[in-house]
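To start, the structure itself, in structure tokens.
Laboratory data are not the source of any read-out in this text; all were calculated from the coordinates shown. Just so it is clear, the structure is predicted and the values come from calculations on it, not from any experiment. Every residue, glycine among them, receives a Cβ derived from its backbone with ideal geometry; neighbour counts consider all protein chains shown.
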Amino acid sequence: MSDLITRTRHALARACPPSSDFDLNPDTELAPGRKLRPAAVLAPIIAGDDGFDLILTKRSSALKHHPGQIAFPGGKQDESDADLIATALREAHEEIGLPRDSVEILGTFAPHETVTSFTVTPVIGLINSPFDAIPEPGEVAEVFRVPLAHVLNPSQFTVESRRWRGKRRAYYTVPYGPYYIWGATARILRTWTDQLSHT
């Protein structure tokens, strides 16, 4: 087993603080009593030719929220989901055709609050059998892999900013080739990276 996977197991076993899309913007005033909807994403790790890869998606340009952005498979919790891990597994099956029984759940990180008022639980899973990704055409434009060591390397992260709702908002990015990974996806990866630094 890869040292990175072993360290991830240790990182998941240790408590970490929740994160937010507003972490790099301390002057942001969040409304007290705001309603956050529960959601979950799956970070699927799979063995590649040169170590482990992370599977990500490029969202369809037709989606209402975050069209065309790089994301983990995932979505809001349904009433029929037993828990947020079940949400992440169901969404990954729907979005990329990943069978639920092909995933070993390594654990979860603390929830992440998004600008779209979701509280997203990152679920880390290890794919233990081969599978062919089948993108759901209404939601997913592309399914691709990035080297896990790349997106968990602190030197690959940068902080950029853009204007959002009349104010400049800073955010993490961790680009890979043609893929511009930023926003909540990059922030979750940064949490994972930071937790690894303590192992």
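A few points about this structure:
- Relative to the Cα centre, the charge distribution of the stretch 1-79, modelled as +1 at Lys and Arg Cβ and -1 at Asp and Glu Cβ, gives a dipole magnitude of about 320 debye.
- Nonlocal amide H pairs with Ala141, under 5 Å, H built at 1.01 Å: Lys58, Arg59, Ser60
- Full extension of the chain segment joining Arg162 with Ser129 gains 7.8 nm, where the gain is 0.36 nm per residue of separation less the Cα-Cα distance.
- Computed from the alpha carbon positions, the gyration tensor of the stretch 1-115 leads to an equivalent ellipsoid with semi-axes of 25, 19, 16 Å, biggest first.
- Furthest towards positive pole of dipole, Ser102, Leu84, Pro44, structure part the stretch 25-125, Cβ charges: Leu84
- Label-to-label distance, Ala149 versus Arg37, with points set 7 angstrom from Cα along the beta-carbon direction: 4.0 nm.
- Shape of the chain, Cα gyration tensor, a/c cut at 1.5: rounded
- Treating each Cα of the stretch 157-199 as one equal point scatterer and applying the Debye formula with no solvent, the log10 of I(q)/I(0) at q = 0.19, 0.20, 0.24 Å⁻¹ comes out as -0.61, -0.66, -0.83.
- Since only Leu4, Ala141, Thr114 are under comparison, the one whose Cα sits farthest along the positive direction of the charge dipole of the chain, derived from C-beta charges on Lys, Arg, Asp and Glu, is Thr114.
- Span-like helix ranges in the chain, DSSP H, alpha carbon extent 15 angstrom or more, Kyte mean at least -0.5: 84-96, 183-196
- When the trypsin sites (Lys or Arg not before Pro) in the stretch 27-122 are filtered for DSSP coil states and for at most 14 other beta-carbon atoms within 10 Å of their beta-carbon, the remaining sites are Arg34, Lys35, Lys64.
- Taking all Cα pairs closer than 8 Å and separated by 6 or more residues, the relative contact order of the chain comes to 27 percent.
- Annotation for the stretch 154-185 versus the stretch 1-51: alpha-carbon center distance of 16 Å.
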